[in-house]
């Protein structure tokens, strides 16, 4: 079996994924890197400034790991050329952009894979198993609180903070959680209403152009309180706090809350069913999912069922799994845990929620994926 020839487009903060697919002689190898910064890759391959410099006929698959506002154009070019394409989430920064990427894959008959790695995270898979077992009955509501303790470093000191390049955190960061909410609930959002604010980072006047550098270059876990951050992006016009209510097409009602200046950094999901509820305490190895379903009571920390979160949780276990699934899919197709249509639906919900937030909480409909497009991806 010859190696899949892979191009890596963008060798930034997520560029380490390239090392998970560079396995010469074992089925896949990186043959080129495309990045305008022209960084030195960890393996001996040519580095190009733009996709124009790359002969796509010499490439079987590609990883698009570049900033969000480039995903649409790059993915469409690669898919149109028949290249199996991995696109880091979010698929695009607008609903129309996501639909154009889906259409390009369908029109060219190409394989599109979107990097929603949380579908491979052990704590999410464990929650799915609890729901599938019937332990809490039929899902009625999903609540997610995302405490983004590293938000100041991760999202407010580079391009993420500029809504022209990310739309906002309900899309950029929220795409992960909205996709999980949809997956756990078995539906897609059809209407949203959101509120939010730029309550902390908007008051910081120390700004800096960090072009040519990456988040690990400035990350400092010791910065506290959040107002002590310095060197924010020259443009900061996204929200650092947001809350959205979501009405799903199967009757499930969900809520998603996100804050970028909490002291802790983790995700907390509560799933309520007709016969009980589950909640994860932590989203990493050593954490636990608790289920209460034996009857009514007051507050009690001891649950009726406790499921330890397996080792290698969160990105530590999810990234190798998602890369392995992409390589298999790029070579031979077949079913995957991730879904381009679901990725598009997460973008649509996050995008419409952002519009609602910036219009005072106006109820916004979330358009479904075109049936012809959805049919192509099964």
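The values are calculated or read from the model by the stated rules, or taken from the named source; none is laboratory data. Model, not experiment: these values are computed from the prediction. As a convention, Cβ positions derive from the backbone with ideal geometry for all residues, glycine included, and neighbour counts pool all protein chains shown.
Observations on the structure shown:
- Every residue from segment 9-42 that is in a loop (DSSP other than H, G, I, E, B), in contact (Cβ under 8 Å) with a residue 24 or more places away in the chain and in contact with a strand residue (DSSP E or B) (Cβ under 8 Å, 6 or more places away or on another chain): 10, 11, 14, 27, 35, 39, 41
- Per the listing 268, 245, 250, the residue uniquely within 30 Å of residue 139 (Cβ to Cβ) and in a loop (DSSP other than H, G, I, E, B) is 250.
- Hey, residue 186 surrounded by fewer than 23 Cβ atoms within 10 Å (Cβ to Cβ) and without any contact (Cβ under 8 Å) to a residue 40 or more places away in the chain or not: no
- Residue within segment 231-239 that is assigned to a strand (DSSP E or B), surrounded by fewer than 16 Cβ atoms within 10 Å (Cβ to Cβ), in contact (Cβ under 8 Å) with a residue 60 or more places away in the chain and touching a strand residue (DSSP E or B) at 6+ places or on another chain (Cβ under 6 Å) present: no
- Pairing each residue of segment 286-310 that is free of Cβ contacts under 8 Å to residues at least 12 places away in the same chain and on the phi > 0 side of the Ramachandran plot with any residue that is surrounded by 11 or more Cβ atoms within 10 Å (Cβ to Cβ) and in a loop (DSSP other than H, G, I, E, B), provided the two are 6+ apart or on different chains, yields C-beta distances under 9 Å for 295/304.
- Among the residues of this structure, residue 222 does not count as one that is modelled with pLDDT under 95 and in a loop (DSSP other than H, G, I, E, B).
- Looking only at residues of segment 15-29 that are in contact with a helix residue (DSSP H, G or I) (Cβ under 9 Å, 6 or more places away or on another chain) and closer than 12 Å to residue 65 by Cβ, we find that the one that is surrounded by the fewest Cβ atoms within 10 Å (Cβ to Cβ) is 16.
- Matching entry among 105, 92 (being touching a residue at least 60 places away in the same chain (Cβ under 8 Å), under 27 Å from residue 365 (Cβ atoms) and assigned to a helix (DSSP H, G or I)): 105
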